[in-house]
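Report on the structure given below.
Each reported figure results from applying straightforward, stated rules to the coordinates on display, with no laboratory input. All of these numbers come straight from a predicted model, not from anything done at the bench. No Cβ is skipped: glycine too gets one built from the backbone with ideal geometry, and neighbour counts run over all protein chains shown.
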Amino acid sequence: MSNTPSRRDVLRGAAVAGVAAAGFGLAACGGGSGSGNSQGSQNGSGGTGSGTDTSTPSSGASNGGTDALGPSSDVPIGGGKIYGDARVVVTQPAQGDFKAFSAVCTHLSCIVGDVSNGLITCPCHGSQYSITDGSVRRGPAPAALAPKKIKISQGEIVLE
């Protein structure tokens, strides 16, 4: 017999390599420990740091309660703050007008990494969203960020 691999062996090896490469690509864009990712307790390394949450995660939203994200004074006018643990980005397009959106990019589920110049930016592939309504301003994101309900109570942003 010959030591030359069969066509079946070559195709099987190519399929395994393709699956491994695809898995690596998704892991790189899936909100894990990439640069600029503010998920969990990581301190995002991308952008200006204006959207990094280093607070302790609060509890209660999953059991019907509410979550206090932090003081409303932490959200700059014309900008925003990313609360990575809660997967929420809160913006303040105009003084006293607070908006909240999912911080999960609609492209490949990365956590957005920066809020500046009226835009929410994803560090993975550069998608940008409006701080006013979460709409896509630059792709590859296919859809707007989902709105979230918040209220301001005694100077604190509370996720409803």
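Remarks
- Normalising the average separation of contacting C-alpha pairs (under 8 angstrom, six or more residues apart) by the number of residues puts the relative contact order of the range 61-159 at 27 percent.
- Sites ARG138 and GLU160 - FRET efficiency at Förster radius 25 Å, r taken between beta-carbons, to 0.05: 0.25
- nm² value of the averaged projected area, convex hull over the Cα atoms of the range 95-160: 4.5 nm²
- Net charge of the neighbourhood of THR121, taken over other residues with C-beta under 15 Å away and scored Lys/Arg +1, Asp/Glu -1, is +2.
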